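Report on the following structure.
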Amino acid sequence: MKKVVIENAVVIKRDRLNGDCRSLTIGNFPKSRLLKPGQFVHIRIPGPDVYFRRAFSVYDINPRAKSLQVIFKIVGRGTALLAELRKGDRLNVMGPLGKGFDFPFLRDKVILIAGGIGMPPIYFLAKKLIESKYDRRKILFFYGGKTKKELVNMAHIRKLGIKLYPTTDNGSYGFRGFVTKAVREFLNTETGQFRIYACGPQAMLRAVEEIARKYSIPGQISVEAPMPCGMGICQGCVLPLVSGGYTRVCRDGPVYQFGEVLL
Amino acid sequence: MKPDLSVVIGGIKFKNPIWTASGTCGYGEELAEVFDLSRLGGMVTKSITSNPREGHPPPRTTETVSGMLNAIGLANVGVDRFIKEKLKFLERFNTRVIVNVAGAKLQEYVEVCAQLADCPRADMVELNFSCPNVEAGMAIATNASLAEKTVSEVKKVFPRPVIAKLSPNVTDITQIAKACEAGGAEALSLINTLIGMAVDIETFRPRLTNNTGGLSGPAIKPVALAMVHKVYKAVKIPIIGLGGIRNYLDVIEFLLCGARAVQIGTALFVEPETPIKIIRDLEKYLSRKKIENIQELVGQLRIY
(Lines give C-alpha, C1' and ligand atoms only; values in the text may rest on other atoms or scores of the structure.)
Protein backbone atom coordinates (compact mmCIF):
# COMPACT_ATOMS: atom_id res chain seq x y z
CA MET A 1 0.00 0.00 0.00
CA LYS A 2 2.78 2.41 0.89
CA LYS A 3 3.92 4.16 -2.26
CA VAL A 4 4.72 7.78 -1.48
CA VAL A 5 7.92 8.59 0.34
CA ILE A 6 8.68 11.66 2.40
CA GLU A 7 12.37 12.34 2.88
CA ASN A 8 14.49 14.90 4.62
CA ALA A 9 16.56 15.52 1.54
CA VAL A 10 19.49 17.86 1.06
CA VAL A 11 20.51 20.41 -1.53
CA ILE A 12 23.66 19.14 -3.21
CA LYS A 13 23.90 21.69 -5.98
CA ARG A 14 22.21 24.88 -6.98
CA ASP A 15 22.59 26.80 -10.19
CA ARG A 16 21.49 30.17 -11.37
CA LEU A 17 20.15 29.77 -14.90
CA ASN A 18 18.99 32.37 -17.38
CA GLY A 19 16.66 35.09 -16.14
CA ASP A 20 14.74 34.13 -13.02
CA CYS A 21 15.26 30.40 -13.47
CA ARG A 22 17.10 28.28 -10.95
CA SER A 23 18.15 24.66 -10.72
CA LEU A 24 18.31 22.58 -7.56
CA THR A 25 19.87 19.17 -7.37
CA ILE A 26 18.48 17.39 -4.35
CA GLY A 27 20.22 14.43 -2.76
CA ASN A 28 19.35 11.91 -0.08
CA PHE A 29 16.20 10.89 -1.92
CA PRO A 30 16.73 7.12 -2.24
CA LYS A 31 13.63 6.57 -4.32
CA SER A 32 14.67 8.99 -7.06
CA ARG A 33 14.91 6.05 -9.45
CA LEU A 34 11.12 5.66 -9.24
CA LEU A 35 10.45 9.13 -10.62
CA LYS A 36 9.01 9.03 -14.13
CA PRO A 37 8.83 11.82 -16.73
CA GLY A 38 5.77 13.97 -16.03
CA GLN A 39 5.66 13.08 -12.34
CA PHE A 40 6.37 15.67 -9.68
CA VAL A 41 7.75 16.07 -6.20
CA HIS A 42 6.11 18.14 -3.48
CA ILE A 43 8.68 20.26 -1.67
CA ARG A 44 8.28 21.87 1.72
CA ILE A 45 9.76 25.34 1.56
CA PRO A 46 11.86 25.96 4.67
CA GLY A 47 10.86 28.98 6.71
CA PRO A 48 7.71 30.23 8.39
CA ASP A 49 6.41 32.34 5.50
CA VAL A 50 5.11 29.60 3.27
CA TYR A 51 2.48 27.16 4.47
CA PHE A 52 1.89 24.61 1.74
CA ARG A 53 4.39 22.54 -0.15
CA ARG A 54 5.14 23.49 -3.75
CA ALA A 55 4.96 21.06 -6.65
CA PHE A 56 7.80 20.75 -9.15
CA SER A 57 8.03 18.53 -12.20
CA VAL A 58 11.15 16.44 -12.20
CA TYR A 59 13.83 17.62 -14.63
CA ASP A 60 16.28 14.78 -14.16
CA ILE A 61 17.29 11.98 -11.82
CA ASN A 62 20.51 10.29 -10.86
CA PRO A 63 19.52 6.96 -9.28
CA ARG A 64 23.08 6.07 -8.30
CA ALA A 65 23.53 9.36 -6.46
CA LYS A 66 19.97 9.03 -5.06
CA SER A 67 19.31 12.52 -6.34
CA LEU A 68 16.86 14.43 -8.45
CA GLN A 69 16.90 17.78 -10.15
CA VAL A 70 14.21 20.41 -10.49
CA ILE A 71 14.24 23.65 -12.46
CA PHE A 72 11.95 26.46 -11.47
CA LYS A 73 11.28 30.11 -12.09
CA ILE A 74 11.03 32.63 -9.26
CA VAL A 75 7.42 33.75 -9.41
CA GLY A 76 6.42 34.27 -5.77
CA ARG A 77 7.42 33.92 -2.14
CA GLY A 78 7.79 30.16 -2.22
CA THR A 79 10.10 30.03 -5.19
CA ALA A 80 12.02 33.07 -3.93
CA LEU A 81 12.78 31.27 -0.68
CA LEU A 82 13.67 28.10 -2.53
CA ALA A 83 16.13 30.08 -4.64
CA GLU A 84 17.96 31.15 -1.48
CA LEU A 85 18.81 27.61 -0.43
CA ARG A 86 22.44 26.61 -0.52
CA LYS A 87 24.38 23.43 -0.81
CA GLY A 88 23.93 21.43 2.38
CA ASP A 89 20.55 22.93 3.29
CA ARG A 90 17.86 20.44 4.23
CA LEU A 91 14.48 20.33 2.60
CA ASN A 92 11.61 17.93 2.89
CA VAL A 93 10.61 16.22 -0.34
CA MET A 94 7.56 14.03 -1.02
CA GLY A 95 7.16 11.85 -4.08
CA PRO A 96 6.76 10.34 -6.58
CA LEU A 97 3.42 12.02 -7.18
CA GLY A 98 1.05 12.22 -10.14
CA LYS A 99 0.83 10.28 -13.35
CA GLY A 100 3.61 10.57 -15.89
CA PHE A 101 3.65 10.44 -19.68
CA ASP A 102 2.76 7.29 -21.63
CA PHE A 103 5.62 6.34 -23.91
CA PRO A 104 5.05 6.51 -27.68
CA PHE A 105 5.24 3.60 -30.13
CA LEU A 106 8.76 2.98 -31.34
CA ARG A 107 7.73 3.84 -34.89
CA ASP A 108 6.31 7.26 -33.90
CA LYS A 109 8.01 10.51 -34.74
CA VAL A 110 7.95 12.29 -31.40
CA ILE A 111 7.27 16.02 -31.29
CA LEU A 112 8.16 17.51 -27.92
CA ILE A 113 6.85 21.01 -27.26
CA ALA A 114 8.05 23.00 -24.27
CA GLY A 115 6.98 26.55 -23.45
CA GLY A 116 8.98 28.58 -20.93
CA ILE A 117 9.25 26.93 -17.54
CA GLY A 118 7.22 24.00 -18.90
CA MET A 119 10.48 22.60 -20.22
CA PRO A 120 11.62 20.31 -17.32
CA PRO A 121 9.21 17.37 -17.76
CA ILE A 122 9.66 17.49 -21.53
CA TYR A 123 13.44 17.32 -21.19
CA PHE A 124 13.12 14.43 -18.74
CA LEU A 125 10.86 12.60 -21.19
CA ALA A 126 13.32 13.14 -24.05
CA LYS A 127 16.16 11.79 -21.95
CA LYS A 128 14.21 8.71 -20.88
CA LEU A 129 13.10 8.01 -24.45
CA ILE A 130 16.70 7.97 -25.58
CA GLU A 131 17.71 5.76 -22.65
CA SER A 132 14.89 3.44 -23.71
CA LYS A 133 16.40 3.10 -27.19
CA TYR A 134 14.04 5.32 -29.10
CA ASP A 135 15.58 6.59 -32.32
CA ARG A 136 17.20 9.97 -31.68
CA ARG A 137 16.49 11.07 -35.23
CA LYS A 138 12.79 10.67 -34.65
CA ILE A 139 12.67 13.00 -31.62
CA LEU A 140 12.12 16.69 -32.29
CA PHE A 141 12.30 19.22 -29.48
CA PHE A 142 10.49 22.54 -29.94
CA TYR A 143 11.39 24.91 -27.16
CA GLY A 144 9.84 28.36 -26.98
CA GLY A 145 10.23 31.38 -24.75
CA LYS A 146 9.24 35.02 -24.79
CA THR A 147 12.89 35.97 -25.18
CA LYS A 148 16.24 34.21 -25.24
CA LYS A 149 16.45 34.72 -21.46
CA GLU A 150 13.59 32.28 -20.95
CA LEU A 151 15.38 29.43 -22.68
CA VAL A 152 17.52 27.50 -20.22
CA ASN A 153 19.85 24.52 -20.32
CA MET A 154 19.86 24.36 -24.10
CA ALA A 155 23.25 22.68 -23.92
CA HIS A 156 21.64 19.78 -22.05
CA ILE A 157 19.00 19.36 -24.73
CA ARG A 158 21.59 19.55 -27.50
CA LYS A 159 23.65 16.92 -25.72
CA LEU A 160 20.79 14.46 -26.14
CA GLY A 161 21.60 14.49 -29.86
CA ILE A 162 18.08 15.30 -30.92
CA LYS A 163 16.90 18.00 -33.27
CA LEU A 164 16.25 21.20 -31.29
CA TYR A 165 14.06 24.00 -32.60
CA PRO A 166 14.39 27.02 -30.30
CA THR A 167 11.84 29.79 -30.75
CA THR A 168 11.36 33.22 -29.19
CA ASP A 169 8.36 35.51 -29.40
CA ASN A 170 10.57 38.50 -30.15
CA GLY A 171 13.04 36.70 -32.38
CA SER A 172 15.95 37.27 -30.00
CA TYR A 173 16.92 33.65 -30.58
CA GLY A 174 15.96 30.94 -33.07
CA PHE A 175 12.67 30.98 -34.90
CA ARG A 176 10.68 34.18 -34.40
CA GLY A 177 7.14 33.66 -33.10
CA PHE A 178 5.21 31.29 -30.87
CA VAL A 179 6.57 27.79 -30.52
CA THR A 180 3.26 26.45 -31.81
CA LYS A 181 3.71 28.45 -35.01
CA ALA A 182 7.03 26.69 -35.57
CA VAL A 183 5.36 23.32 -34.98
CA ARG A 184 2.62 24.20 -37.46
CA GLU A 185 5.13 25.15 -40.14
CA PHE A 186 7.07 21.98 -39.50
CA LEU A 187 3.98 19.79 -39.85
CA ASN A 188 3.04 21.53 -43.12
CA THR A 189 6.16 20.12 -44.71
CA GLU A 190 6.62 16.79 -42.92
CA THR A 191 4.66 13.58 -43.10
CA GLY A 192 4.64 10.51 -40.91
CA GLN A 193 3.18 8.93 -37.82
CA PHE A 194 3.53 11.59 -35.13
CA ARG A 195 2.98 11.79 -31.40
CA ILE A 196 3.07 15.04 -29.46
CA TYR A 197 3.99 15.78 -25.83
CA ALA A 198 3.62 19.31 -24.52
CA CYS A 199 4.05 21.34 -21.37
CA GLY A 200 3.78 25.11 -21.09
CA PRO A 201 1.35 27.95 -20.51
CA GLN A 202 -2.35 27.24 -20.93
CA ALA A 203 -2.63 29.30 -24.14
CA MET A 204 0.17 27.25 -25.64
CA LEU A 205 -1.48 23.98 -24.64
CA ARG A 206 -4.72 25.14 -26.24
CA ALA A 207 -2.86 25.88 -29.46
CA VAL A 208 -1.11 22.50 -29.29
CA GLU A 209 -4.42 20.69 -28.97
CA GLU A 210 -5.77 22.67 -31.91
CA ILE A 211 -2.82 21.59 -34.03
CA ALA A 212 -3.22 17.99 -32.90
CA ARG A 213 -6.89 18.05 -33.90
CA LYS A 214 -6.14 19.54 -37.29
CA TYR A 215 -3.45 16.97 -38.11
CA SER A 216 -5.09 14.10 -36.17
CA ILE A 217 -2.04 13.55 -34.01
CA PRO A 218 -2.43 11.81 -30.65
CA GLY A 219 -0.54 12.99 -27.63
CA GLN A 220 -0.47 14.28 -24.09
CA ILE A 221 -0.10 17.53 -22.21
CA SER A 222 1.16 18.23 -18.72
CA VAL A 223 -0.81 20.96 -16.94
CA GLU A 224 -0.06 23.17 -13.99
CA ALA A 225 -2.22 23.99 -10.97
CA PRO A 226 -1.49 25.16 -7.42
CA MET A 227 -1.68 22.05 -5.26
CA PRO A 228 -2.23 22.19 -1.51
CA CYS A 229 -1.83 18.48 -0.72
CA GLY A 230 -0.41 17.03 -3.94
CA MET A 231 -1.89 13.62 -3.16
CA GLY A 232 -5.49 13.90 -4.35
CA ILE A 233 -7.03 14.48 -0.95
CA CYS A 234 -7.98 18.14 -0.76
CA GLN A 235 -9.48 18.50 -4.26
CA GLY A 236 -8.08 22.00 -4.39
CA CYS A 237 -6.22 21.69 -7.71
CA VAL A 238 -9.11 20.53 -9.88
CA LEU A 239 -9.67 21.42 -13.55
CA PRO A 240 -12.88 20.87 -15.50
CA LEU A 241 -13.05 17.82 -17.77
CA VAL A 242 -14.43 18.00 -21.29
CA SER A 243 -16.68 15.07 -20.40
CA GLY A 244 -18.03 16.93 -17.36
CA GLY A 245 -17.03 17.10 -13.73
CA TYR A 246 -13.58 17.85 -12.39
CA THR A 247 -10.24 16.11 -12.36
CA ARG A 248 -7.63 16.31 -9.62
CA VAL A 249 -4.52 17.54 -11.38
CA CYS A 250 -2.20 16.18 -8.70
CA ARG A 251 -3.51 12.62 -8.74
CA ASP A 252 -5.38 12.04 -12.01
CA GLY A 253 -2.83 14.26 -13.84
CA PRO A 254 -0.79 16.33 -14.26
CA VAL A 255 -0.48 14.50 -17.61
CA TYR A 256 -3.65 14.23 -19.70
CA GLN A 257 -4.55 13.00 -23.18
CA PHE A 258 -5.43 15.66 -25.75
CA GLY A 259 -9.05 16.69 -25.43
CA GLU A 260 -9.42 15.44 -21.88
CA VAL A 261 -9.36 18.66 -19.85
CA LEU A 262 -11.14 21.90 -20.61
CA LEU A 263 -8.28 24.32 -21.14
CA MET B 1 4.97 1.17 31.69
CA LYS B 2 3.55 2.32 28.41
CA PRO B 3 1.00 5.08 28.95
CA ASP B 4 -2.59 4.42 27.96
CA LEU B 5 -3.69 6.62 25.08
CA SER B 6 -7.15 5.12 24.73
CA VAL B 7 -10.28 7.18 25.16
CA VAL B 8 -13.98 6.35 25.23
CA ILE B 9 -16.53 8.48 23.43
CA GLY B 10 -20.20 7.61 23.16
CA GLY B 11 -19.44 4.20 24.65
CA ILE B 12 -16.95 3.43 21.87
CA LYS B 13 -13.31 2.86 22.63
CA PHE B 14 -10.63 4.56 20.55
CA LYS B 15 -7.06 3.27 20.76
CA ASN B 16 -5.85 6.87 20.88
CA PRO B 17 -7.40 10.34 20.74
CA ILE B 18 -5.89 11.20 17.36
CA TRP B 19 -8.34 11.29 14.47
CA THR B 20 -8.03 12.79 11.04
CA ALA B 21 -10.54 15.54 10.22
CA SER B 22 -13.22 15.51 7.57
CA GLY B 23 -12.12 16.79 4.18
CA THR B 24 -8.44 16.41 4.94
CA CYS B 25 -8.11 12.64 4.55
CA GLY B 26 -10.63 11.98 1.77
CA TYR B 27 -11.90 8.42 2.15
CA GLY B 28 -8.51 7.24 3.32
CA GLU B 29 -7.23 5.86 0.03
CA GLU B 30 -4.49 8.41 -0.55
CA LEU B 31 -3.33 8.69 3.04
CA ALA B 32 -3.04 4.89 3.20
CA GLU B 33 -0.15 5.26 0.75
CA VAL B 34 1.76 7.22 3.39
CA PHE B 35 1.02 5.40 6.64
CA ASP B 36 -1.04 2.53 8.03
CA LEU B 37 -4.46 3.97 8.86
CA SER B 38 -4.82 1.34 11.60
CA ARG B 39 -2.54 3.46 13.74
CA LEU B 40 -5.16 6.21 13.96
CA GLY B 41 -7.67 6.43 16.77
CA GLY B 42 -10.25 7.40 14.20
CA MET B 43 -10.74 8.72 10.74
CA VAL B 44 -13.50 11.13 9.78
CA THR B 45 -14.42 10.83 6.12
CA LYS B 46 -15.06 13.61 3.67
CA SER B 47 -18.64 14.90 3.91
CA ILE B 48 -21.16 12.56 2.29
CA THR B 49 -24.44 13.75 0.75
CA SER B 50 -27.36 11.87 -0.83
CA ASN B 51 -26.21 12.50 -4.38
CA PRO B 52 -22.71 12.95 -5.76
CA ARG B 53 -21.50 16.56 -5.83
CA GLU B 54 -18.87 18.00 -8.14
CA GLY B 55 -18.09 20.95 -5.91
CA HIS B 56 -17.36 24.56 -6.77
CA PRO B 57 -15.41 25.71 -9.85
CA PRO B 58 -11.69 26.30 -9.29
CA PRO B 59 -9.87 28.05 -7.77
CA ARG B 60 -11.17 26.40 -4.62
CA THR B 61 -8.23 26.88 -2.31
CA THR B 62 -5.67 29.51 -1.54
CA GLU B 63 -2.83 29.80 0.94
CA THR B 64 -3.06 32.48 3.61
CA VAL B 65 -0.75 33.45 6.47
CA SER B 66 -0.40 30.27 8.54
CA GLY B 67 -3.42 28.74 6.97
CA MET B 68 -5.63 27.84 4.10
CA LEU B 69 -8.88 29.17 2.68
CA ASN B 70 -11.02 26.57 0.98
CA ALA B 71 -14.35 26.44 -0.76
CA ILE B 72 -14.41 22.94 -2.18
CA GLY B 73 -18.21 22.83 -2.05
CA LEU B 74 -18.70 19.38 -0.53
CA ALA B 75 -17.43 17.51 -3.58
CA ASN B 76 -18.14 13.84 -2.83
CA VAL B 77 -19.16 10.57 -4.45
CA GLY B 78 -22.62 10.38 -2.88
CA VAL B 79 -23.76 7.91 -0.24
CA ASP B 80 -24.42 4.92 -2.55
CA ARG B 81 -20.96 4.84 -4.07
CA PHE B 82 -19.47 5.73 -0.71
CA ILE B 83 -20.95 2.64 0.89
CA LYS B 84 -20.17 0.36 -2.03
CA GLU B 85 -16.56 1.44 -2.67
CA LYS B 86 -15.15 3.66 0.01
CA LEU B 87 -16.48 2.05 3.17
CA LYS B 88 -15.51 -1.31 1.74
CA PHE B 89 -11.94 -0.09 1.28
CA LEU B 90 -11.87 1.02 4.92
CA GLU B 91 -12.85 -2.44 6.16
CA ARG B 92 -9.23 -3.60 6.06
CA PHE B 93 -8.13 -1.06 8.69
CA ASN B 94 -8.37 -1.40 12.41
CA THR B 95 -9.43 2.13 13.19
CA ARG B 96 -12.74 3.79 13.99
CA VAL B 97 -14.52 5.22 10.99
CA ILE B 98 -16.64 8.28 11.57
CA VAL B 99 -18.69 9.20 8.51
CA ASN B 100 -19.21 12.91 8.09
CA VAL B 101 -22.67 13.66 6.72
CA ALA B 102 -23.86 16.89 5.12
CA GLY B 103 -27.22 17.84 3.73
CA ALA B 104 -29.14 20.56 1.97
CA LYS B 105 -31.98 20.10 4.45
CA LEU B 106 -32.86 18.13 7.55
CA GLN B 107 -34.35 15.27 5.53
CA GLU B 108 -31.10 14.69 3.65
CA TYR B 109 -29.17 14.15 6.90
CA VAL B 110 -31.80 11.63 7.98
CA GLU B 111 -31.78 9.78 4.64
CA VAL B 112 -28.00 9.48 4.45
CA CYS B 113 -27.72 8.39 8.09
CA ALA B 114 -30.48 5.82 7.59
CA GLN B 115 -28.46 4.25 4.79
CA LEU B 116 -25.33 4.26 6.95
CA ALA B 117 -27.24 2.61 9.79
CA ASP B 118 -26.93 -0.72 7.99
CA CYS B 119 -23.15 -0.37 7.58
CA PRO B 120 -21.36 -1.53 10.73
CA ARG B 121 -18.09 -0.11 9.37
CA ALA B 122 -19.55 3.34 10.01
CA ASP B 123 -18.80 3.36 13.75
CA MET B 124 -20.25 6.82 14.15
CA VAL B 125 -21.59 9.69 12.12
CA GLU B 126 -20.49 13.28 12.41
CA LEU B 127 -23.14 15.76 11.28
CA ASN B 128 -21.57 18.63 9.37
CA PHE B 129 -23.66 21.50 10.71
CA SER B 130 -21.11 23.97 9.74
CA CYS B 131 -19.88 23.88 6.20
CA PRO B 132 -19.51 27.60 5.55
CA ASN B 133 -19.47 27.05 1.78
CA VAL B 134 -22.96 25.66 1.40
CA GLU B 135 -25.98 27.70 2.45
CA ALA B 136 -28.04 24.91 3.99
CA GLY B 137 -25.22 23.78 6.27
CA MET B 138 -24.94 27.25 7.69
CA ALA B 139 -28.69 27.47 8.29
CA ILE B 140 -28.57 24.51 10.67
CA ALA B 141 -25.25 25.61 12.13
CA THR B 142 -26.68 28.92 13.28
CA ASN B 143 -30.14 27.82 14.37
CA ALA B 144 -30.26 26.04 17.73
CA SER B 145 -33.73 24.56 17.42
CA LEU B 146 -33.08 23.31 13.88
CA ALA B 147 -29.79 21.76 15.04
CA GLU B 148 -31.53 20.03 17.93
CA LYS B 149 -34.27 18.71 15.65
CA THR B 150 -31.76 17.42 13.10
CA VAL B 151 -29.80 15.54 15.76
CA SER B 152 -32.91 14.00 17.28
CA GLU B 153 -34.26 12.93 13.87
CA VAL B 154 -30.91 11.36 12.96
CA LYS B 155 -30.85 9.59 16.34
CA LYS B 156 -34.11 7.87 15.39
CA VAL B 157 -32.55 6.23 12.32
CA PHE B 158 -28.89 5.77 13.26
CA PRO B 159 -28.27 3.26 16.06
CA ARG B 160 -24.69 4.21 16.91
CA PRO B 161 -23.21 7.44 18.35
CA VAL B 162 -23.86 10.75 16.64
CA ILE B 163 -21.43 13.66 16.74
CA ALA B 164 -22.49 17.20 15.84
CA LYS B 165 -19.76 19.32 14.27
CA LEU B 166 -20.15 22.94 15.22
CA SER B 167 -19.41 26.14 13.38
CA PRO B 168 -17.46 28.98 14.95
CA ASN B 169 -19.40 31.42 12.76
CA VAL B 170 -22.11 32.01 15.36
CA THR B 171 -22.85 34.54 18.08
CA ASP B 172 -22.79 32.02 20.92
CA ILE B 173 -21.48 28.56 20.21
CA THR B 174 -22.66 27.22 23.58
CA GLN B 175 -26.31 27.68 22.56
CA ILE B 176 -25.90 25.40 19.56
CA ALA B 177 -23.80 23.00 21.63
CA LYS B 178 -26.49 22.70 24.29
CA ALA B 179 -29.17 22.25 21.65
CA CYS B 180 -27.27 19.37 20.06
CA GLU B 181 -26.77 17.80 23.48
CA ALA B 182 -30.50 18.12 24.14
CA GLY B 183 -31.16 16.53 20.75
CA GLY B 184 -29.24 13.47 21.87
CA ALA B 185 -25.78 13.94 20.38
CA GLU B 186 -23.18 11.71 22.06
CA ALA B 187 -20.37 14.15 21.32
CA LEU B 188 -19.53 17.49 19.74
CA SER B 189 -16.66 18.31 17.44
CA LEU B 190 -15.41 21.86 17.06
CA ILE B 191 -14.44 24.01 15.39
CA ASN B 192 -15.16 23.92 11.69
CA THR B 193 -13.53 26.61 9.54
CA LEU B 194 -13.96 30.34 10.01
CA ILE B 195 -15.40 32.29 7.10
CA GLY B 196 -12.67 34.26 5.40
CA MET B 197 -11.65 35.99 2.20
CA ALA B 198 -8.52 36.64 0.19
CA VAL B 199 -8.25 39.20 -2.59
CA ASP B 200 -6.18 39.45 -5.75
CA ILE B 201 -5.20 43.12 -6.06
CA GLU B 202 -4.32 42.77 -9.76
CA THR B 203 -7.72 41.51 -10.89
CA PHE B 204 -9.78 43.03 -8.03
CA ARG B 205 -11.31 39.60 -7.56
CA PRO B 206 -11.56 37.27 -4.57
CA ARG B 207 -9.05 34.44 -4.81
CA LEU B 208 -11.83 31.85 -4.62
CA THR B 209 -14.70 31.58 -7.11
CA ASN B 210 -17.00 31.12 -4.11
CA ASN B 211 -15.79 34.60 -3.02
CA THR B 212 -15.45 33.47 0.59
CA GLY B 213 -14.04 30.26 1.98
CA GLY B 214 -13.35 28.44 5.21
CA LEU B 215 -10.15 29.36 7.03
CA SER B 216 -8.21 26.50 8.62
CA GLY B 217 -4.67 25.82 9.76
CA PRO B 218 -2.52 27.15 12.61
CA ALA B 219 -4.07 30.62 12.21
CA ILE B 220 -7.34 29.45 13.82
CA LYS B 221 -5.96 27.45 16.76
CA PRO B 222 -6.46 30.14 19.44
CA VAL B 223 -10.07 30.61 18.36
CA ALA B 224 -10.64 26.86 18.51
CA LEU B 225 -9.10 26.54 21.98
CA ALA B 226 -11.28 29.34 23.37
CA MET B 227 -14.41 27.77 21.92
CA VAL B 228 -13.55 24.26 23.08
CA HIS B 229 -13.09 25.55 26.59
CA LYS B 230 -16.30 27.55 26.50
CA VAL B 231 -18.31 24.58 25.28
CA TYR B 232 -16.58 22.24 27.74
CA LYS B 233 -17.97 24.30 30.59
CA ALA B 234 -21.44 24.37 29.05
CA VAL B 235 -22.14 20.70 28.20
CA LYS B 236 -21.60 17.25 29.71
CA ILE B 237 -20.97 15.26 26.51
CA PRO B 238 -17.41 14.75 25.23
CA ILE B 239 -15.77 17.24 22.90
CA ILE B 240 -13.53 16.45 19.98
CA GLY B 241 -11.32 19.48 19.40
CA LEU B 242 -9.88 20.62 16.12
CA GLY B 243 -8.44 23.69 14.49
CA GLY B 244 -4.82 24.20 13.52
CA ILE B 245 -3.25 21.23 15.30
CA ARG B 246 0.27 20.53 14.06
CA ASN B 247 2.01 18.66 16.86
CA TYR B 248 1.56 16.99 20.25
CA LEU B 249 1.92 20.30 22.08
CA ASP B 250 -1.17 21.57 20.29
CA VAL B 251 -3.00 18.36 21.17
CA ILE B 252 -2.26 18.74 24.86
CA GLU B 253 -3.53 22.31 24.78
CA PHE B 254 -6.82 21.05 23.38
CA LEU B 255 -7.06 18.26 25.95
CA LEU B 256 -6.41 20.67 28.80
CA CYS B 257 -9.14 22.95 27.45
CA GLY B 258 -11.59 20.07 27.61
CA ALA B 259 -11.31 18.03 24.43
CA ARG B 260 -11.32 14.25 24.93
CA ALA B 261 -10.06 13.59 21.44
CA VAL B 262 -8.75 15.75 18.62
CA GLN B 263 -8.78 15.83 14.85
CA ILE B 264 -5.80 16.64 12.66
CA GLY B 265 -6.88 18.54 9.58
CA THR B 266 -5.00 20.92 7.32
CA ALA B 267 -1.65 19.80 8.75
CA LEU B 268 -2.11 16.56 6.80
CA PHE B 269 -1.72 18.52 3.57
CA VAL B 270 1.64 19.84 4.65
CA GLU B 271 2.94 16.83 6.60
CA PRO B 272 0.82 13.73 5.94
CA GLU B 273 2.64 11.83 8.68
CA THR B 274 1.61 14.33 11.37
CA PRO B 275 -0.76 11.95 13.26
CA ILE B 276 1.90 9.27 13.54
CA LYS B 277 4.45 11.73 14.91
CA ILE B 278 1.89 13.09 17.36
CA ILE B 279 0.98 9.64 18.72
CA ARG B 280 4.66 8.85 19.26
CA ASP B 281 5.34 12.19 20.93
CA LEU B 282 2.26 11.94 23.17
CA GLU B 283 3.52 8.63 24.53
CA LYS B 284 6.85 10.20 25.36
CA TYR B 285 5.20 13.20 27.01
CA LEU B 286 2.92 11.05 29.17
CA SER B 287 5.84 8.86 30.23
CA ARG B 288 7.88 11.89 31.16
CA LYS B 289 5.02 13.41 33.13
CA LYS B 290 4.21 10.01 34.68
CA ILE B 291 0.61 10.21 33.49
CA GLU B 292 -0.88 6.73 33.12
CA ASN B 293 -3.93 7.58 31.06
CA ILE B 294 -4.24 10.46 28.65
CA GLN B 295 -7.81 11.09 29.80
CA GLU B 296 -6.37 12.48 33.03
CA LEU B 297 -5.47 15.61 31.08
CA VAL B 298 -8.95 16.40 29.83
CA GLY B 299 -10.22 19.73 31.17
CA GLN B 300 -7.29 20.18 33.56
CA LEU B 301 -6.78 23.80 32.53
CA ARG B 302 -6.21 25.94 35.62
CA ILE B 303 -8.02 29.15 34.73
CA TYR B 304 -7.37 32.47 36.45
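The values are calculated or read from the model by the stated rules, or taken from the named source; none is laboratory data. Worth saying up front: this structure is predicted, and the values here are computed from it rather than measured. Every residue, glycine among them, receives a Cβ derived from its backbone with ideal geometry; neighbour counts consider all protein chains shown.
Worth pointing out:
- Residue that is nearest to the other protein chains (Cβ to nearest Cβ) [pool: residues in segment B:228-279 that are under 13 Å from the mean Cα position of the chain (by Cα) and part of a loop (DSSP other than H, G, I, E, B)]: B:Thr266
- Restricting A:Gly192, A:Gly232 to residues that are at positive phi, modelled with pLDDT under 95 and not basic (Lys, Arg) narrows the list to A:Gly192.
- Search result, residues across segment A:41-72 that are among the small types (Gly, Ala, Ser) and surrounded by fewer than 19 Cβ atoms within 10 Å (Cβ to Cβ): A:Gly47, A:Ala65
- Qualifying positions in segment B:58-74 - within 7 Å of chain A (Cβ to nearest Cβ) and either more than 15 Å from B:Thr193 (Cα to Cα) or not hydroxyl-bearing (Ser, Thr, Tyr) (or both): B:Pro58, B:Arg60, B:Glu63, B:Gly67, B:Met68, B:Asn70, B:Ile72
- Strands (runs of 3 or more DSSP E) lying entirely in segment B:39-124 (those with 1 or more residues that are over 18 Å from the mean Cα position of the chain (by Cα)): B:61-64
- Number of positions in segment A:219-247 that are part of a loop (DSSP other than H, G, I, E, B) and either in contact with a Leu (Cβ under 6 Å, 6 or more places away or on another chain) or under 30 Å from A:Lys109 (Cα atoms) (or both): 6
- Among the residues of segment B:38-57, those identified as surrounded by fewer than 23 Cβ atoms within 10 Å (Cβ to Cβ) and either within 8 Å of another protein chain (Cβ to nearest Cβ) or touching a strand residue (DSSP E or B) at 6+ places or on another chain (Cβ under 7 Å) (or both) are B:Pro52, B:Arg53, B:Glu54, B:Gly55, B:Pro57.
- Scanning segment A:40-71 for residues that are in contact (Cβ under 8 Å) with a residue 24 or more places away in the chain, within 14 Å of chain B (Cβ to nearest Cβ) and part of a loop (DSSP other than H, G, I, E, B) yields A:Arg44, A:Ile45, A:Pro46, A:Gly47, A:Asp49, A:Val50, A:Phe52, A:Arg53.
- Annotation: of all residues in segment A:176-198 being free of Cβ contacts under 8 Å to residues at least 12 places away in the same chain and of a type outside the set (Asp, Glu), the one that is nearest to A:Pro104 (Cα to Cα) is A:Thr191.
- For first residues located in segment A:113-127 and not assigned by TED's automatic domain parsing to the domain that holds A:Val183, partners that are at pLDDT 95 or above and surrounded by 24 or more Cβ atoms within 10 Å (Cβ to Cβ) and lie 6+ apart or on another chain with Cβ distances below 9 Å do not occur.
- Of the numbered criteria (1) in contact with a Gly (Cβ under 7 Å, 6 or more places away or on another chain); (2) exposed (fewer than 15 other Cβ atoms within 10 Å of the Cβ); (3) within 22 Å of A:Pro254 (Cα to Cα); (4) not aromatic (Phe, Trp, Tyr), the one A:Ala203 fails is (1).
- None of B:Lys105, B:Lys88, B:Lys155 is closer than 19 Å to B:Ser189 by Cβ and among the basic types (Lys, Arg) except B:Lys155.
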